[in-house]
1. Out of everything in region 483-502 that is open to solvent by 10 Å² or more (accessible area, probe 1.4 Å) and in contact (Cβ under 8 Å) with a residue 12 or more places away in the chain, what residue ends up being farthest from N313 (Cα to Cα)?
2. So how many residues does region 523-535 have that are of a type in the set (A, V, I, L, M) and buried (at least 22 other Cβ atoms within 10 Å of the Cβ)?
3. Return the residues of region 301-319 that are in contact with a His (Cβ under 9 Å, 6 or more places away or on another chain) and closer than 10 Å to F340 by Cα; say none if nothing qualifies.
4. State all residues of region 295-330 that are without any contact (Cβ under 8 Å) to a residue 60 or more places away in the chain and either farther than 23 Å from E370 by Cβ or assigned to a loop (DSSP other than H, G, I, E, B) (or both); if no residue qualifies, say none.
5. Looking at region 256-276, which of its residues are over 25 Å from T317 (Cα atoms) and either at pLDDT below 95 or of a type in the set (A, V, I, L, M, F, W, C) (or both)?
6. Within region 482-497, count every residue that is in contact with a Phe, Trp or Tyr (Cβ under 9 Å, 6 or more places away or on another chain) and more than 30 Å from A345 (Cβ to Cβ).
7. Restricting attention to region 113-130, does a residue exist that is free of Cβ contacts under 8 Å to residues at least 24 places away in the same chain, crowded, with 18+ Cβ neighbours inside 10 Å and closer than 30 Å to D477 by Cα?
8. Of all residues in region 509-527 being in a loop (DSSP other than H, G, I, E, B) and hydrophobic (A, V, I, L, M, F, W, C), which is nearest to S255 (Cα to Cα)?
Amino acid sequence: MRIYLRSLTLVIFCLTYSFSGFAQFGGELRFCLHAEPKTFNPVLVDDDASDTIRYLTGGVLVRLNRSTQQLEPNLAAAWKVSSDGRAITFTLREGVVFSDGTSFSADDVVFTVKQLMDPALHSVTGDSFRSGTGEVVSKVLAKNKVSITFPAPIAGLDKLFDQVAIMSAHSPLKEKAVLGPFVVAEYVPGSHVILKRNLNYWKTDALGKRLPYLDSVRLDIQQNRDLEMMRFRRGEIHLVNALDGEYFDRLVSQSPQSAHDAGPSMDSEEMWFNQVTASPISSFKREWFKSTNFRRAVSSAINRQDLVRIVFNNHATPAAGPVSPANQFWFNAKLQPHPFDQAAALKLLSSEGFRLDSGVLRDRSGHPVEFSIVTNSGNKTRERMATMIQQDMAGIGIKVSVVTLDFPALIERITRTFDYDACLLGLVNTDLDPDSQMNIWLSSSENHQWNPKEKTPETPWEAEIDKLMRAQASTMDASKRKQSFDRVQELVWENEPFIYLIHKNALSAVSPTLAGVTPVVLRPQTFWQADTMSLRLERAAK
């Protein structure tokens, strides 16, 4: 018996030693945000920096496993969607508390849904749940059970809750009380955000120890990608969530164990023209931008293969539309990227009254065709893309100016003052399901970037997209949903409100000092397992 106990003790010691070697408690994870967070309120998130913070601090009812792409229990131990797709019932975990010690219950879910669907708040996350007119009804069935009923069916309803961070209905800290692994401890604008370990986080590891392993996360606000990579090579930060091809190839040659390519990503790079009627741009420019043939001509004059080869070092693929080929079910395989054909571009322009005059393209009134492209400063990839598009446009007589702005100024231009001609940005797909794109395609949405918050659809094709998006969101039949969203992709391909350019590969950099990291295609590619990530315990050789 004594020998058995000694052997058992040795086994436990070895397991603990082995486990701690890969999951050391303590330390600070460090990486960069590329812009200031616009909000810490999870309901109001509509930018990448704020979404990063929401992911690290917010507790959700269900979580999409970024590797398996399957939905898993989180704050909800179980859930059931009604047969008609209009209602969902969650059974909540008991004994869970917010970061400030306030109890978590069904009241908090009801409160969060009310905030989410409040029309006065214009929640981008809430837009994904808008599939019909009428009220959303949330009912507390028990302290740990809640039902939510929507006015119309919502396909993929349960998956949408992956983006809904639950807020406290009773905490005096309001949105500062969280259920995720970390809490916001400090924000210095222009410098950093510091997240501290949530001492009341509900999850534990295999040994029953409370997660997360890390003590803190420091998010430095750094727009310049060159400085970000320099800091990674120096070991000042632990990961870079997204790399361009040039940085990736350089990292492969210097530190191959740090470079990770997960394949084609879900995200896209695109440009669009300002079609807002009340914008301060010239009326004749607005007329150009509202012309489908003008947009298609510009698209045909862009050499996407050159963008892939030169800007991305072949770590990308030309884009046909909003859905990446990596999204195997929803991608419309009938669509192909618009081919580079400047002769076809000039033919389309000619049909709209444009003409070449000594190498200068002029409209029917004689105005030379000139426009500027705004993009975010410090993003070397987009600056190079804009420069190449500038060169391509010269081939059809269009003069393009490239304007780089810091991110807050850029957001101000494209969402408030509308003082811009065209914009080049990347829009992020956070979900496989098209419901996550409701906030882009509905003409009434704030993120309908080329012409936000239309009171009624301004074109027949936008009206058809509105109808199709609501139709696909309101049926449980996967084949019918696929048919509707395929048609949406076709309409976008035909009318090009966004000129889709490329889908870049999911390239990332992860320090070998980090354990528990599995880079994936879906965002957030590197820190989706933040609560079980750890800094490796360095041990001296004996």
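The values are calculated or read from the model by the stated rules, or taken from the named source; none is laboratory data. Nothing here was measured: the structure is a model prediction, and the numbers come from that model. With ideal geometry, Cβ positions are generated from the backbone for all residues, glycine too; neighbour counts draw on all protein chains shown. Note: areas computed on protein heavy atoms with side chains; ligands, DNA, RNA excluded. Shrake-Rupley method; radii C 1.70, N 1.55, O 1.52, S 1.80 Å.
1. So the residue we want is S484.
2. Here the count works out to 2.
3. Here is the first cut: in region 301-319, the ones in contact with a His (Cβ under 9 Å, 6 or more places away or on another chain) are 302, 304, 308, 316-319.
Matches in region 301-319: I302, R304.
4. Q305, R309, Q328
5. The initial filter retains those residues of region 256-276 that are over 25 Å from T317 (Cα atoms), namely 274-276.
V276 - this is the single residue of region 256-276 that is over 25 Å from T317 (Cα atoms) and either at pLDDT below 95 or of a type in the set (A, V, I, L, M, F, W, C) (or both).
6. Of the residues in that region, 1 qualify.
7. Yes, that holds for at least one residue.
8. V517
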